[in-house]
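The values are calculated or read from the model by the stated rules, or taken from the named source; none is laboratory data. Since the model is a prediction, treat every value here as computed from it, not as a measurement. Positions of Cβ are generated from backbone atoms using ideal geometry, with glycine treated the same way; all protein chains shown enter the neighbour counts.
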Amino acid sequence: MRIAATTLLLALVLAACNGDADETTTTDPSPQTTTTTPGSEDTTSEASGSAAAAQDGDSVTVHYVGTLDDGSQFDSSRDRDEPLVFLVGSDQVIAGFDEAVRGMVVGDVVTVRISPEDAYGERDDELVFSVPIEEAPDDVAVADQVLIGGVTTGVVIEVTETEVTIDTNHQYAGQALTFEIELMSIE
């Protein structure tokens, strides 16, 4: 048992020393560090220590504030006073957000800019289509949200005498998203 524990500890130490190009890397061990995450730009981190880091399968609780490149805020768990709980590596959040949390320890605060491909993807013109006006509700108007086939949501972007044009792209498709994330707990 003791040999297995020592072997496991040695493997973990070697893995930590060797690093992994696909994982978040941290430089400058001071309380304010610079972090690079795949699919994102440089980020800043505060309060990293030697505690356990978030990894795939962990249930984590985070607070976050999301902003667009123009500086406008599009979401905030802090404003709702309702932290987000999700399983790391389970596709419950966008890939770039998941990757930013992986490797954080409780108390860490990071700011990460996530590229469109690691957020909601690029805009896809094939996800914009028209339906005959007869298939739409009588009072349909531009900016209405509609449910298509009971599964897909879209936004009405044009109404003419003969058809309704619907965009089913995610509202943030094609945009980079910046998140300030604080890891509150790991279970």
Boolean, THR165 is β-branched (Val, Ile, Thr), closer than 26 Å to GLN73 by Cβ and outside any loop (DSSP other than H, G, I, E, B): no
Criterion: modelled with pLDDT under 95 and of a type outside the set (A, V, I, L, M, F, W, C) - qualifying residue of THR61, THR26, THR67: THR26
Residue check: is GLY103 assigned by TED's automatic domain parsing to the domain that holds ILE181, at positive phi and surrounded by 17 or more Cβ atoms within 10 Å (Cβ to Cβ)? yes
ALA136 of a type in the set (Gly, Ala, Ser), surrounded by 15 or more Cβ atoms within 10 Å (Cβ to Cβ), farther than 30 Å from ALA95 by Cβ and in contact (Cβ under 8 Å) with a residue 12 or more places away in the chain: yes
If a residue must be over 25 Å from ALA54 (Cα atoms), among the charged types (D, E, K, R) and in contact with a Gly (Cβ under 7 Å, 6 or more places away or on another chain), how many such residues does segment 106-163 contain? 2
Take the residues in segment 108-133 that are part of a helix (DSSP H, G or I) and within 12 Å of the chain's Cα centre (by Cα); name whichever of them is surrounded by the fewest Cβ atoms within 10 Å (Cβ to Cβ). GLU117
Quick one: which of THR168, THR160 is at pLDDT 95 or above and under 30 Å from ILE181 (Cα atoms)? THR168
Taking segment 60-107, which residues are of a type in the set (S, T, N, Q) and part of a strand (DSSP E or B)? THR61, THR67, GLN73, SER76
Suppose we keep only residues that are part of a loop (DSSP other than H, G, I, E, B) and at pLDDT below 95 within segment 134-157. Which one would you say is farthest from ALA173 (Cα to Cα)? ASP138
